[in-house]
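In what follows, a structure is listed as structure tokens, so that the remarks can point back to it.
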Amino acid sequence: MDTPSGFAATTAEETLDPSDWADVQILSHRIVDDAVAYLRDVRERPVWREMPGDVRDFFTASLPQSPTPLADVYGDVVERLMAYPMGNIHPRFWAWYMGSSNFTGALGDFLAAIQGSNLGGGNHAAALMDSQVVDWLKQMLGFPQSASGTLVSGGSMANIIGLTVARNAKAGVDVREYGVAAIAKPLRFYGSDQLHSCHRKAMEALGLGNRALRRIPTDAGLRIDIDALRKAIAEDRKAGFKPACVIGTAGTVNTGAVDDLQALARLAAKEDLWFHVDGCIGALIAIAPENAHRVAGIERAHSIALDPHKWLHAPFEVGCALVRDGASHRNAFAVTPEYLESTPRGLASGQWLHDYGLQTSRGFRALKVWMALKEHGIEKFGRLIDQNIAQGYILAGQIEAEPALELTAPTSINIVCFRYRGDGLAGEALKALNTEIMLRLQEEGIAALSDTTVHGQHCLRVAINNHRTRREDLDLLVRETVRLGREISRSDAALPSPLVGEGGREAAG
Ligand SMILES: *Cc1c(COP(=O)(O)O)cnc(C)c1O
């Protein structure tokens, strides 16, 4: 036998475990104390601040060869990392679309890492918990117990899972065995022109190509135009394509528009299409008593993508794909290689959870969701969703009442699109002014918004997916937006163009 040198029978084994557990225990208590204070005091800190040069440089240091005491490692983390967060745990973070995390979820992630379990499957409690969280999500959306599902990294992956099952179910050939080239009639998928960009990536990854995804125009409320969809389907059939799947969006990323899911379910049934719902933003509205009606029909979907790291505020990452017909879900992914055969008893006697997606090893994402759901109960999560939607309408009302501001798209849930009017400005100049307002709100640490362009019109965008936001935060936003708009209009007739972040500006609380 070829024995590697450097390891003789007399060499003491090494391990990553600490040499002194008592030391680690003391440091860990300090880390927990710091973490609690960090979250407790988040409102007192700026939402975001630019990193100084020495912090940027710190992250270019080369690979560590020799050890550093853990307390020093932690010191670096506190100074260089924790001090410069993205900011989405802050009550005035409303950029893009994110959840704002929660402490219990963080404990869940910690404990999951301590246990170190791999949720590829097997016969152990974490695997049962993973399945239980999927079952709970099915119940939240009114999906039958016979449906299947899987926890994934996020909504993009959840959509890919749903669309893969759709493609395979509608291909008319065994795509897994023969590939997309064997599909007789090219498949067509449909969604609105407000569809999230992950669907394009999905079409590319599925080998169908971006052009197989038809973007259907939207109505004044930015919902898919059902008549236009019907016409597109008929056109495609005539031209020799096979209409395969319609993607409804429950909460578009631009404006929060919710497609008419009942109408889409009816049309899909009539046209024999797979009905997938991208519910990354809005699927969970189903648990919100005052607003659940907005997503009625979601329970009729063949597959749904949703995002517990958005409106359940689970720490990143956790998304979920649900598929009504559990068999078609499993058939799209299950493979049993010789090294993963089940046994009648023991560790390998559990279900293989990797049979429902692309990953083999899977992180233990369920615990952070499970603990927070148990602690608060689902009713509270429902009320928090109602609260964010109410805040969306409150902010929209404040903007309408403020002459210096205007709404640029209808508010339907918790996303508000608006702009500073800017006397006599239009087009690029107006965009530059609003972009500058957005950047100063970020750089002064006041609020994090993002911007977008809806049907050619640039606007600022506030997405209130945040359980820490209060009405006073919205008041502040309106006040500060108007102040900055006036200041910028007064001080610089000529705005920087193209706009570049100035960096290094002092952050204020
Ligand atoms: C966030 C979002 C996605 C993507 O989800 P991730 O969790 O970011 O991968 C897809 N669709 C919509 C509508 C979204 O808002």
Legend entry - Whether the stretch 49-185 is rounded, prolate or oblate, judged on the alpha carbon gyration tensor where a/c under 1.5 counts as rounded: prolate
Legend entry - Positive minus negative residues near C198 (Lys, Arg vs Asp, Glu; Cβ under 12 Å): -1
Inset, instruction - Using per-residue counts of other Cβ atoms within 10 Å, averaged over each peptide, order 392-399, 112-119 from highest down. - result: 392-399, 112-119
Inset, instruction - Just the number, please: carbon plus sulfur as a percent of the accessible area of the chain, 1.4 Å probe, no ligands or DNA/RNA counted. - result: 54 percent
Legend entry - Spatially near lysine pairs across the chain, Cα under 18 Å, sequence gap of 8 or more or different chains: 18
Legend entry - Spatial extent of the stretch 156-197: Rg and Dmax, with the Cα atoms as the point set, Å: 11.6, 34
Inset, instruction - Output the peptides 41-49, 15-23 sorted from most to least packed, where packing is the average of other Cβ atoms within 10 Å over each peptide's residues. - result: 41-49, 15-23
Legend entry - Whole-angstrom Cα spans of the chain along principal axes, big to small: 83, 65, 43
Legend entry - the stretch 285-304 residues near the modelled W136 label - backbone nitrogen below 19 Å, point 7 Å along Cα→Cβ: 285-289
Legend entry - Under the Karplus curve 6.51 cos²θ - 1.76 cosθ + 1.60, θ = phi - 60°, whole-Hz ³J(HN,Hα) for the stretch 15-31, x wherever Gly or Pro sits: 8, 7, 5, x, 6, 10, 5, 5, 4, 5, 5, 4, 4, 4, 4, 5, 4
Legend entry - Calculated from backbone phi, Karplus (6.51, -1.76, 1.60) coupling profile of the stretch 201-210 in Hz, x at Gly/Pro: 4, 4, 4, 5, 5, 7, x, 8, x, 4
Legend entry - Size of the stretch 379-500 as Cα extents on the principal axes (Å, biggest first): 51, 30, 26
Inset, instruction - Quick one: check the C-alpha center-to-center distance for the stretch 432-497 versus the stretch 119-192, whole angstrom. - result: 39 Å
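What 222 nm value per residue comes from the helices of the chain, counting each DSSP H run with n ≥ 4 as -39,500 (n - 2.57) and dividing by all residues, nearest 500 deg cm²/dmol? Write down the numbers at each step before the final one.
Working: 16 runs with 200 residues, N = 509.
Taken over the chain, the calculation gives -12500 deg cm²/dmol.
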Legend entry - Environment charge of A244, counting only residues whose C-beta is closer than 12 Å and scoring Lys/Arg +1, Asp/Glu -1: +4
Legend entry - Per residue, in Å², the accessible surface of the chain once ligands and nucleic acids are set aside, probe 1.4 Å: 48 Å²
Legend entry - For G319, distant residues with modelled amide H under 5 Å away: V152, S153, G154
Inset, instruction - Determine the sum of side-chain charges near F58: Lys and Arg each +1, Asp and Glu each -1, restricted to other residues whose C-beta is under 9 angstrom from that of F58. - result: -2
Legend entry - Karplus-derived 3J(HN,Hα), 6.51/-1.76/1.60, for each residue of the stretch 355-367, Hz, glycine and proline x: 6, 10, x, 8, 7, 9, 5, 9, x, 8, 7, 6, 4
Inset, instruction - Once you have a ≥ b ≥ c as the square roots of the Cα gyration tensor eigenvalues for the stretch 108-377, tell me rounded if a/c is under 1.5, and otherwise prolate or oblate according to whether a/b is larger than b/c. - result: oblate
Inset, instruction - Output the peptides 142-149, 414-421, 180-187 sorted from most to least packed, where packing is the average of other Cβ atoms within 10 Å over each peptide's residues. - result: 414-421, 142-149, 180-187
Inset, instruction - Could you tell me which of rounded, prolate or oblate describes the stretch 21-84, using a ≥ b ≥ c as the square roots of the eigenvalues of the alpha-carbon gyration tensor, with rounded for a/c under 1.5 and, failing that, prolate when a/b is larger than b/c and oblate otherwise? - result: oblate
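The values are calculated or read from the model by the stated rules, or taken from the named source; none is laboratory data. Quick caveat, the model's predicted, so the values are computed rather than measured. Backbone-built Cβ (ideal geometry, glycine too); neighbour counts: all protein chains shown. Just so you know, the surface numbers come from the protein's heavy atoms only, side chains and all, with ligands and any DNA or RNA stripped out. Shrake-Rupley method; radii C 1.70, N 1.55, O 1.52, S 1.80 Å.
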